[in-house]
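Shown next, in structure tokens, is the structure this report addresses.
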Amino acid sequence: SSGDGIVGIISLVGDIEWSIFFGMPSDTAVAASLKFAGFDIPFESADMGDAIGELTNMLGGKVKLNLDQKGVAANISLPSVLRAKNMTMLVQQQNSVEKRSFTSELGKFWIGVMARKQA
């Protein structure tokens, strides 16, 4: 993406090897964190990382719950949060990525899964 953005990443490892990512431009992050926390969080603050990390953790937890219900065992990592300008995702050849972009009342965001290709 172009401009400032933030991405939360969480991994699921077990029967599957997935990394789930949840990203957005700075204006969406500010709007989403206000809606989530109930108060303004500046994009440049450490609190922004905490807010996006917790949202990513909630997303990862929901995915893990769905996998558990399907009998797929996986442990979930703690989230990592990256804030950058002009982010580009580079993927190793042995991995595949599915990414979907959305527009909400709070702004644009994207969610995706990177998985190890099956041999």
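The values are calculated or read from the model by the stated rules, or taken from the named source; none is laboratory data. As the structure is a computational prediction, the values presented were derived from the model and not from experiment. In this analysis, Cβ positions are derived from the backbone assuming ideal geometry, glycine residues included, and neighbour counts consider all displayed protein chains. When the accessible area is computed, the model is the full protein with side chains, heavy atoms only, and any ligands, DNA or RNA have been set aside. Shrake-Rupley method; radii C 1.70, N 1.55, O 1.52, S 1.80 Å.
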Subject >> Mean shadow area of segment 22-79 over all directions, Cα convex hull, nm² >> reply: 4.3
Original post:
What is the P(r) of segment 17-119, as percent of Cα-Cα pairs per 5 Å bin from 0?
Top reply: 2, 11, 20, 23, 20, 13, 8, 3, 1, 0
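Kindly provide the helix-only [θ] at 222 nm of the chain, computed as the sum of -39,500 (n - 2.57) over DSSP H runs of four or more divided by all residues, to the nearest 500 deg cm²/dmol? List each step's numbers first, then the result.
Details: 2 runs with 36 residues, N = 119.
Helix-only estimate at 222 nm: -10000 deg cm²/dmol.
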**OP:** With θ set to phi - 60°, apply the Karplus curve 6.51 cos²θ - 1.76 cosθ + 1.60 along segment 56-62 and write out the HN-Hα couplings as whole Hz, x wherever there is a Gly or Pro.
**Re:** 5, 4, 5, 4, x, x, 5
Original post:
Ranked highest first by average number of other Cβ atoms within 10 Å, how do 36-46, 57-67 line up?
Top reply: 57-67, 36-46
Original post:
Within segment 9-119, how many lysine pairs that are 8 or more places apart, or on different chains, have C-alpha atoms less than 25 Å apart?
Top reply: 18
Original post:
When the chain is treated as a GNM, springs tying every alpha-carbon pair under 10 Å, which of 77, 11, 26 comes out with the largest mean-square fluctuation?
Top reply: 77
Original post:
If you stretched the chain out fully between residue 62 and residue 27, how much longer would it get, using 0.36 nm times the residue separation minus the C-alpha to C-alpha distance?
Top reply: 10.1 nm
**OP:** Can you send over the carbon and sulfur percentage of the accessible area for the chain, probe radius 1.4 Å, protein chains only?
**Re:** 55
**OP:** Give me the number: length gained by fully extending residue 4 to residue 70, i.e. 0.36 nm times residue separation minus the C-alpha to C-alpha distance, one decimal in nm.
**Re:** 20.0 nm
**OP:** Leaving out ligands and nucleic acids, note down the accessible area per residue over segment 1-115 with a 1.4 angstrom probe, in whole Å².
**Re:** 60
